[in-house]
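Participant: Structure in structure tokens, see below.
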């Protein structure tokens, strides 16, 4: 039978490394989002999504796509990011991310 022994220092170093990597990943994600305006124009959203005019028109007609039409056509950045996460098929199929409680 195979056994592995870990000392407290090794576990602490591993935990610190994992925490550092998680922090860097989150910081990078927030940094990108923080550099965007709170509300995006159609063209800005196209740049974020890296899509063309036709695809953007199709997205904006979807009932689940976050669009505000009260003061021109605008897309709230934070809601767009949530929409992207919700519509990323790989995440849903390969993780239990959406089954976890919101932080």
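Participant: Just the residues that are within 20 Å of the chain's Cα centre (by Cα) and free of Cβ contacts under 8 Å to residues at least 12 places away in the same chain, please, taken from region 67-81.
Facilitator: Listed by number, the list holds a single entry, 67.
Participant: Now a separate question. Restricting to region 1-43, what's the tally of residues that are modelled with pLDDT under 85 and under 27 Å from residue 69 (Cα atoms)?
Facilitator: Number satisfying all stated conditions: 5.
Participant: Could I ask something else about it? Just need a number here: residues in region 43-70 that are in contact with a strand residue (DSSP E or B) (Cβ under 9 Å, 6 or more places away or on another chain) and either surrounded by fewer than 16 Cβ atoms within 10 Å (Cβ to Cβ) or assigned to a strand (DSSP E or B) (or both).
Facilitator: 3
The values are calculated or read from the model by the stated rules, or taken from the named source; none is laboratory data. In this text the structure is predicted, and so the values were computed from the model without any measurement. Neighbour counts run over all protein chains shown; Cβ positions are idealised from the backbone, glycine included.
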